[in-house]
1. For the stretch 34-51, state whether one or more residues are of a type in the set (Asp, Glu) and over 13 Å from the mean Cα position of the chain (by Cα).
2. When ASN6 is evaluated against the numbered criteria (1) more than 11 Å from the chain's Cα centre (by Cα); (2) crowded, with 17+ Cβ neighbours inside 10 Å, which criterion, by number, is the only one it fails?
3. One residue is enough: does the stretch 71-87 have a residue meeting the conditions in a helix (DSSP H, G or I), surrounded by 10 or more Cβ atoms within 10 Å (Cβ to Cβ), modelled with pLDDT under 90 and aromatic (Phe, Trp, Tyr)?
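The values are calculated or read from the model by the stated rules, or taken from the named source; none is laboratory data. All figures in this text were calculated on a predicted structure; none of them were measured in a lab. Here the Cβ positions follow ideal geometry from the backbone for every residue, glycine too, while neighbour counts run over all protein chains shown.
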Amino acid sequence: MKKCYNCGAEWTGPDRPGFNDTCPNCDAYVYLCLNCRFYDENTSRGCQITTTEPVRQKDRPNFCDEFKFADRPADWRPQDKAKQREAAREKFDRLFKKHSG
């Protein structure tokens, strides 16, 4: 299911949206890295395709020719990803917390 990275609303527009298309629910742009199936925050470039021009702002529209809308589970919500990041940050901070003594 194609869903907006910002609000989680289902995208019912074309499989390949236009560069200036926005989510009808929250008005966020949809043709950007955060909605692309090749987006990968675990790589140094943030993209699984190594031959593309690097995009610095993943949350801004771009002109990448490789864009394909990501398919997400029906129960996917954008806040779930944020909660995962927060939990990982808390674990990291606890692990490397300086102990007074």
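1. Within the stretch 34-51, the subset of a type in the set (Asp, Glu) is 40-41.
After this cut, where a residue has to be over 13 Å from the mean Cα position of the chain (by Cα) as well, the list is none.
Scanning the stretch 34-51, I find no residue that is of a type in the set (Asp, Glu) and over 13 Å from the mean Cα position of the chain (by Cα), so the answer is no.
2. (1)
3. no
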